[in-house]
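Enquirer: One structure coming up, written as structure tokens, with questions to follow.
The values are calculated or read from the model by the stated rules, or taken from the named source; none is laboratory data. Given the structure is predicted, the values throughout are model-derived calculations rather than measurements. We place every Cβ from the backbone using ideal geometry, glycine too, and count neighbours over all the protein chains shown. Just the protein is used for accessible areas: all its heavy atoms, side chains included, with ligands, DNA and RNA removed. Shrake-Rupley method; radii C 1.70, N 1.55, O 1.52, S 1.80 Å.
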Amino acid sequence: MGIDVRDIEHRETGAARIMAPEQWIAEHKIPVGAVMAAVVDVVRKHGLGFFDAITDIVGFCADGLTMLLLDIPPLLLVVAATAGAWFLRRSPALVALVALGLLFIINQGYWNETMATLSLILFSTIFCMAIGVPLGIACAHRPRLARALQPFLDLMQTLPTFVYLIPTLILFGLGTVPGMISTIIFAVPAPIRMTQMGIARVPRSLIEAGEAFGATGRQILWKIELPAALPMIQAGLTQCIMLSLSMVVIAALVGAGGLGVPVVRALNTVQVDAGFESGFVIVLLAIMLDRVCRPKDSAS
Amino acid sequence: MSEEVNAALEFRDVDILFDRGNRRGAIEAALARLDAGETREEIGRALKVTVGVAGANLAVARGEISVLMGLSGSGKSTLLRAANRLNRPVRGEVRIGNGLAWLDIARCDDDTLRTLRKTRIAMVFQQFGLLPWRTVRDNVGFGLELRGMAPSLRRDVVAEKLELVGLSNWADAHVHELSGGMQQRVGLARAFATDADILLMDEPFSALDPLIRRKLQDELLDLQKRLKKTILFVSHDIDEALKIGSRITIMREGRIIQTGTPDDIALRPVDDYVAEFIRHMNPLPTIVAASVMRRFEDLPRLPDGMLDGGRIAVAPDAATMWVAGRAVPVRPHSAWVEGALCVVPARLSLGEIIALRQRSGLPVLVEAEGRLVGLCDDADILQALCGKARFGAG
């Protein structure tokens, strides 16, 4: 298969017809790829209805949200976003950043793409947090679970994205959904890890204070552990958003709409101007989301 | 027997062991070795089991402040934490009584334990253990909140307790805005808020600087006069123990070596270890007039029948003092007499006697139970400072 034919001939003409050890190793290839392919195949065959349902529901929600955002007049949304930023952070500098940033996006003509990206990020982030926070809490309370989960989280973050893009493409077809699934796989380890770290770092003395006053396990979780871990969980949220945003171009490759699309198009047609325009818009969106969502400084 | 009935909290043959190695049967093996008389070190080395407390027996009477003393690692905090099962005894009973019946907190079920923690036993921590994201008000109301009390009802109780510790103006402040002393007052208010009758205090003032520490000790004694809680207090400071404790228990290497009143500990230390503690105490606030003074009957007689008090002469009925050849009538009430002589109660501390002696230039007279009984002059004071004094009230 992968063995050089000339090499074999050369050896066979040689005096000794002994196989080199590395050749033997190469000939007995462990079918990693084949197994994964078979697994995907089986999953597809037996879970077709399930995956179709997911595709329909998620696709409907994400595309629906995009439509909704696009129905709102852009300037009204700019005003709403600015007011929201003021309400959350009370920082004039941040409000100016949000207002000017959004106006710049309108100015560059990427409003529709930005809305599509925003709804993609919003859905994947909500999903990541919904899975990540409870799983992080469970990991912090059960070190064994944390150890078992560790290699999977590593795998999810280090396996090149394109590799799992292929099976998601097979299972979910082209469009928004496979992009979102890939984004979630890539981003979900962040909230899991940050939540786990936050909960595990709650000082023992605070938990004992809770116990000494008769708190139940649930009360300790809600009244002590979660508030104490909140800055870390919030940092996990910000990371999750940033990771999702970093996936927009890759999501665009499998047919998800949004800011990745003009980047891919620019790459294919070697257009420097369009590439930088959409690139700047992505950066701008990232900065705005980060500043709005990042945890407040504890030194307040 | 009366102690038995009065005890609100009682430790009976309590052993607390910690398994560091997580090996099966290690605790049982350690108990067997403990019973065979092996030391803490031997057991720790052989089995990776830490003996926190061994064979502790202690009764805390209702309304008293009982102080657990010892060096760090002596097991005093470990024993205290068994009283609300933050540490669970491996063997023995921790009984908590309500005057009618007993409950073993070491073995009761979790629901009962939580109820006890919510209603009977409160705790104050060395590092305060306050929740930094909450206001002072919400920290004080924490125990009531856990109990499920409605916020409107909580508010009144919290306001009352904040007033008790003098922090009414700080209710809406955040914990980090407060000084260490104020933070521990919040800790105290939180413990008072549940109206628990038993208070566990784990070196509550050790993290504070000495001036604030003394102030809070005074405040605690003041509050105790009104509240009459049963307090188990851990300290490593002999002066603190002598000041606030009505009973003191000295621990060493996980074992109780002496329990008694401050006088017992100071006057009759059972061994060199206890004596060593006492040697380092500050005598000024601890020694009282009754142990400093020379009694009138011990004074030498002058030829004219008077008693020789050095700079003063005392009439045999102790009603008249002769100062510089002048007769001064003295009545047995604590007061200044003639601007120079002064009469003090037998419980007055050495520090205050020295101050009065300094101001008057004359010996200080001591009264007990409506009679003048003795006097303190320079020689008596010096002798007391040298550690030869007798302790306690006469």
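Enquirer: So with the 1.4 Å probe, I'd like the accessible area per residue for the protein assembly as shown, rounded to whole Å².
Expert: 50 Å²
Enquirer: With θ taken as phi - 60° and the coefficients 6.51, -1.76 and 1.60, list the Karplus ³J(HN,Hα) couplings across segment B:68-85 in order, rounded to whole Hz; mark glycine and proline as x.
Expert: 9, 10, x, 6, 5, x, 7, x, 5, 5, 4, 5, 4, 5, 6, 5, 10, 6
Enquirer: Also: Please list, in chain and number order, the residues 5+ apart from B:D197 or on another chain whose amide H is under 5 Å from its amide H, with Hs placed from the backbone.
Expert: Under 5 Å from the amide H of B:D197 lies no amide H from a residue far enough along the sequence or on another chain.
Enquirer: Okay, moving on. For B:V124, what residues show an amide H to amide H distance below 5 Å, using hydrogens built from the backbone and excluding near sequence neighbours?
Expert: Answer set, sorted by chain and number: B:L200, B:M201, B:D202.
Enquirer: Compute the FRET efficiency between B:R359 and B:D111 as 1/(1 + (r/R0)^6), taking r as their Cβ-Cβ distance and R0 = 45 Å, and round to the nearest 0.05.
Expert: So, using R0 = 45 Å, E works out to roughly 0.15.
Enquirer: Right, another one. First select every other residue whose beta carbon is under 15 angstrom from the beta carbon of B:G370; then total the charges, Lys and Arg +1, Asp and Glu -1.
Expert: Local net charge: 0.
Enquirer: Quick one: among B:E145, B:E240, B:E64, which has the greatest mean-square fluctuation in a GNM of chain B with alpha-carbon springs under 10 angstrom?
Expert: Among B:E145, B:E240, B:E64, the largest GNM mean-square fluctuation belongs to B:E145.
Enquirer: Anyone know which of B:A61, B:A106, B:A32 comes out most mobile in the 10 Å Cα GNM of chain B?
Expert: With Cα springs under 10 Å in chain B, the top fluctuation among B:A61, B:A106, B:A32 is at B:A32.
Enquirer: Report relative contact order for segment A:27-171 in percent, whole number only (criteria: Cα-Cα under 8 Å, sequence separation at least 6).
Expert: Rounded, it is 26 percent for segment A:27-171.
Enquirer: Just to confirm a number: summing +1 for Lys and Arg and -1 for Asp and Glu over residues other than B:C108 whose beta-carbon lies under 14 angstrom from that of B:C108, what do you get?
Expert: My count for the surroundings of B:C108 gives +3.
Enquirer: Ok, one more. Using modelled backbone amide H atoms (1.01 Å from N, in-plane), which distant-in-sequence or interchain residues come within less than 5 Å of B:R91's amide H?
Expert: Hits under the 5 Å cutoff: B:D15.
Enquirer: Whole-Hz Karplus ³J(HN,Hα) for segment B:45-62, in order, using 6.51 cos²θ - 1.76 cosθ + 1.60 and θ = phi - 60°, x for Gly and Pro?
Expert: Each residue's phi maps through the Karplus curve to give 6, 6, 10, 6, 10, 8, 8, x, 9, 10, x, 8, 10, 7, 10, 10, 6, 4 Hz.
Enquirer: Can I ask one more? If you take every residue apart from B:S334 with its C-beta less than 13 Å away from the C-beta of B:S334, what net charge results, scoring Lys and Arg +1 and Asp and Glu -1?
Expert: 0
Enquirer: Roughly how many Å is it from the Cα centre of segment A:36-70 to that of segment A:135-208, as a whole number?
Expert: Each part reduced to its Cα centre gives a spacing of 20 Å.
Enquirer: Please compute, for peptide B:81-87, the average count of beta-carbon atoms on other protein chains lying within 10 Å of each residue's beta-carbon.
Expert: Going residue by residue through B:81-87 and averaging, the value is 2.
Enquirer: Which listed residue (B:P316, A:L226, B:H176) has the Cα farthest towards the positive end of the charge dipole for the protein assembly as shown, taking +1 on Lys and Arg C-beta and -1 on Asp and Glu C-beta about the Cα centre?
Expert: Ranked along the dipole, the leading option is B:P316.
Enquirer: Rounded to the nearest 100 Å², what is the buried accessible area between A and B, both sides summed, probe 1.4 Å?
Expert: 1700 Å²
Enquirer: Can you compute 3J(HN,Hα) from phi for each residue in segment B:250-260, using the Karplus curve 6.51 cos²θ - 1.76 cosθ + 1.60 with θ = phi - 60°, rounded to whole Hz and x for Gly and Pro?
Expert: Each residue's phi maps through the Karplus curve to give 9, 10, 8, 6, x, 10, 7, 9, 7, 10, x Hz.
Enquirer: Considering the dipole of chain B built from charges on the beta carbon (Lys and Arg +1, Asp and Glu -1) around the Cα centre, which of B:L71, B:A32, B:G187 is farthest to its positive end?
Expert: B:G187
Enquirer: Now for a separate question. Restricting to bridges with both residues inside the protein assembly as shown, how much of the DSSP beta-bridge set is antiparallel, in percent to the nearest 5?
Expert: Counting only bridges with both partners in the protein assembly as shown, antiparallel ones make up about 65 percent.
Enquirer: Report, as an integer, the average count of C-beta atoms from other chains found within 10 Å of each Cβ along B:128-137.
Expert: Whole-number average of other-chain Cβ neighbours for B:128-137 is 4.
Enquirer: Across the residues of A:200-213, average count of Cβ atoms on other protein chains within 10 Å?
Expert: What the average comes to for A:200-213 is 6.
Enquirer: Sticking with this one: Pick from A:T168, A:T183, A:T216 the residue whose mean-square fluctuation is largest in a GNM of chain A, springs joining Cα atoms under 10 Å.
Expert: A:T216
Enquirer: Between segment B:2-76 and segment A:231-286, what is the separation of their alpha carbon centroids in Å?
Expert: Going from one Cα centre to the other spans 62 Å.
Enquirer: Starting from the exponent 0.38 and prefactor 2.2 Å, build the expected Rg for the protein assembly as shown from its residue count and divide its actual Cα Rg by it.
Expert: Against the empirical 2.2 N^0.38 Å value, I get 1.45 for the protein assembly as shown.
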